[in-house]
1. Within the range 312-323, is even one residue in a helix (DSSP H, G or I), crowded, with 19+ Cβ neighbours inside 10 Å and touching a helix residue (DSSP H, G or I) at 6+ places or on another chain (Cβ under 8 Å)?
2. Name every residue in the range 17-30 that is surrounded by 13 or more Cβ atoms within 10 Å (Cβ to Cβ) and over 13 Å from residue 197 (Cα atoms), in order of residue number.
3. Checking residue 229 against (1) of a type outside the set (Asp, Glu); (2) assigned to a helix (DSSP H, G or I); (3) at pLDDT 95 or above; (4) touching a Gly at 6+ places or on another chain (Cβ under 6 Å), only one condition comes out false. Which one?
4. For the range 53-170, which helices (runs of 4 or more DSSP H) that fit wholly inside it have 2 or more residues that are out of contact with any helix residue (DSSP H, G or I) (no Cβ under 7 Å at 6 or more places or on another chain) and on the phi > 0 side of the Ramachandran plot?
5. Could you list, in sequence order, all residues of the range 188-204 that are under 14 Å from residue 167 (Cα atoms) and part of a strand (DSSP E or B)?
6. Considering the range 23-52 alone, what residues qualify as being more than 18 Å from residue 233 (Cβ to Cβ) and in a loop (DSSP other than H, G, I, E, B)?
7. What pairs can you find where one residue is in the range 9-32 and touching a residue at least 12 places away in the same chain (Cβ under 8 Å), the other is loosely packed, with under 15 Cβ neighbours inside 10 Å, and their Cβ atoms are less than 7 Å apart, with a gap of 6+ or different chains?
Amino acid sequence: MNTTNTAEQKPLREVPFFKPSFDRAEEEAAIRVLHSGWLTTGKETLAFEQEFAAMVHSPYALSVNSASNGLMLAMEAFGVGQGTKILTSPYTFVSTATSALHLGGEAVYADISSDSYSIDPEKIEDKLKKDTTIKAIVPIHIAGNLCDMKAINTLAEKYHVAVIEDAAHAFPAETAAGYGGTLGDAGVFSFYATKTITTGEGGMVCVRNAEAAERIKLMRSHGINRTIWDRYTDKHASWQYDVVAEGYKCNLPDILSAIGRVQLQKAESFYRKRKAIAERFTAAFKPLDFFTVPPDGEGNAWHLYILRLVPETLSVGRDDFARALQEQGLGISVHFIPHFELTFLRERYGLRAQDFPNAAAHYARSISLPFWPDMSDADVQYVIDTVISTAQRFCR
């Protein structure tokens, strides 16, 4: 198949995979911090933490410079380290596993369910029965669609392990130690450039346990027993502090927190817009034999729209189909490359695709479509028309 563009075959329209939704409010927030003379972690970050905690009904919310470091800090706070393991899914970004490795721990894997991208609770119990070194279950809410947290928490209680939710995709879903604290022990959100709200880089760790919150607060800033803001604003012995643990450098600066506070105010509006776009996509794709639309469980945050191809209906595979969409101006992606496809983790753990048949099958047929709150009606319609016409072009 030759799908190479020529100069005469330019796309009718360019629709990027994602565009952040900013306006003058974010600009003014950043400028306000620049003019304040205080750029690192301070009162803006404290306010952001308080506002985020209130929104998700979590008693503690601790900002970090990335969700990856947030996962590491949450794992450390709940005892992951040398001689212990986390249990997670291979269908996730690399840092879900490497966060444990940075602490001296290891990862073990359970396959996802056949009808979703979520870790399968039955497979979780199989692993917990056989391995007493597992310290925490780390479920991932892929695309914002929630795992079966009731079943996972029941297993965690039965086998005396923690639940640390990789909620990078999940804000503002009802999860991650939030909304009354009815779910996991910790939840880690991401504010990366493509997430549901963004500070460019950054994240938030929500926990219900006061001891865990204090540990994360300590470890995110070199193990120093006083915050930066306290040390530099206290007029009495501001220079005094102690280092009481082997901490890290994971704090979120005020300039990013100020942007995050504005984004937080828009979060519900962003969600409603994403949901409306998702409904248009699903209405267009669901009746067609070429596609399987994304799962849509209760509390779905709709971070991504992951469309699955039905291979039996098409004469090309996912990669060729994706390239054809790109050549027509669509910025697409694939979420995620499973860990058994990544050299480092495959070789470290001897991972094989055949041991995770559901993850392998989902990966082989999934495409993440352009999806962000401020997509125009014309953009949405162009995505729909292009995906359908491409499927019809490659129809068996």
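The values are calculated or read from the model by the stated rules, or taken from the named source; none is laboratory data. Quick caveat: nothing in here was measured; it's all calculated off a predicted structure. As a convention, Cβ positions derive from the backbone with ideal geometry for all residues, glycine included, and neighbour counts pool all protein chains shown.
1. Of all residues in the range 312-323, those in a helix (DSSP H, G or I) come to 312-313, 318-323.
Still in the list and also crowded, with 19+ Cβ neighbours inside 10 Å: 321-322.
Among the residues that remain, those that are also touching a helix residue (DSSP H, G or I) at 6+ places or on another chain (Cβ under 8 Å) are: 321.
Scanning the range 312-323, I find at least one residue that is in a helix (DSSP H, G or I), crowded, with 19+ Cβ neighbours inside 10 Å and touching a helix residue (DSSP H, G or I) at 6+ places or on another chain (Cβ under 8 Å), so the answer is yes.
2. So the first thing to find is which residues in the range 17-30 are surrounded by 13 or more Cβ atoms within 10 Å (Cβ to Cβ), and the list is 17-22, 25-26, 29-30.
Scanning the range 17-30 gives 17, 25, 29, 30.
3. (3)
4. Details: elements: 67-77, 95-102, 121-130, 149-159.
Where helices (runs of 4 or more DSSP H) fall fully within the range 53-170, none carries at least 2 residues being out of contact with any helix residue (DSSP H, G or I) (no Cβ under 7 Å at 6 or more places or on another chain) and on the phi > 0 side of the Ramachandran plot.
5. 188, 189, 190, 192, 203, 204
6. Of everything in the range 23-52, just one residue is more than 18 Å from residue 233 (Cβ to Cβ) and in a loop (DSSP other than H, G, I, E, B), namely 23.
7. 19/374; 20/193; 21/374
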